[in-house]
1. Just to be sure I understand: if I project the alpha-carbon convex hull of the chain onto a plane and average over all orientations, what area do I get in nm²?
2. Please report the net charge: other residues with Cβ closer than 12 Å to the Cβ of residue 36, K and R +1, D and E -1.
3. When we measure straight from the Cα of residue 8, which aspartates and glutamates land under 17 angstrom away, once same-chain ones fewer than 8 places off are left out?
4. From the phi angles alone, apply the Karplus equation (6.51, -1.76, 1.60; θ = phi - 60°) to segment 29-46 and give each ³J(HN,Hα) in whole Hz, x where the residue is Gly or Pro.
5. Where Lys and Arg each count +1 and Asp and Glu each count -1, what net charge lies around residue 49 among other residues with Cβ under 12 Å from its Cβ?
6. Please list, in order along segment 17-28, the HN-Hα scalar couplings obtained from phi with the Karplus expression 6.51 cos²θ - 1.76 cosθ + 1.60 (θ = phi - 60°), rounded to whole Hz, x for Gly and Pro.
7. Going through segment 18-52, which trypsin sites (Lys or Arg not before Pro) have at most 11 other Cβ atoms within 10 Å and a DSSP loop state?
8. Could you list which residues have their amide H under 5 Å from that of residue 54, counting only those 5 or more apart in sequence or on another chain, with H placed in the peptide plane?
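Only the coordinates and a few stated rules stand behind these numbers; no lab work does. Everything numeric in this text was worked out from a predicted model, so none of it was measured. Counting neighbours? That spans all protein chains shown, and the Cβs are built from the backbone with ideal geometry, glycine included.
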Amino acid sequence: AILGFVNKQQAHDLLINKPDGTFLLRFSDSEIGGITIAWKFDSPDRNLWNLKPFTTRDFSIRSLADRLGDLSYLI
């Protein structure tokens with residue numbers, strides 16, 4: 001589903017009761033044009049992760065699909 005613009009708190013609310021591995025992509029609040037991944041993954045420290053925003057330059061180096069495949073290594 002496409003929801004439109006989602007801030008960090010809304011992403012948290014959407015993901016908190018979802019199974020581990022559920023993620024969403026959202027436009028970054030801090031990096032204009034950046035895309036960040038909010039990801040549900042229980043760990044001893046916390047259960048929701050917001051990755052550093054990716055920019056157009058980042059995607060020219062490594063694709064979004066490849067970056068999604070790396071999620072388990074990014075935390």
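1. 5.2 nm²
2. Its environment carries a net charge of +1.
3. 29, 31
4. Per residue, the Karplus-derived 3J(HN,Hα) values read 7, 9, 10, 4, x, x, 10, 10, 10, 9, 9, 8, 7, 6, 9, x, 7, 6 Hz.
5. Working: positive: 8, 40, 46, 52; negative: 20, 42, 45.
Every neighbour counted, the sum reads +1.
6. 9, 8, x, 3, x, 6, 9, 9, 9, 8, 6, 5
7. 46
8. Those qualifying (amide H under 5 Å, at least 5 residues apart or on another chain) are 35, 36.
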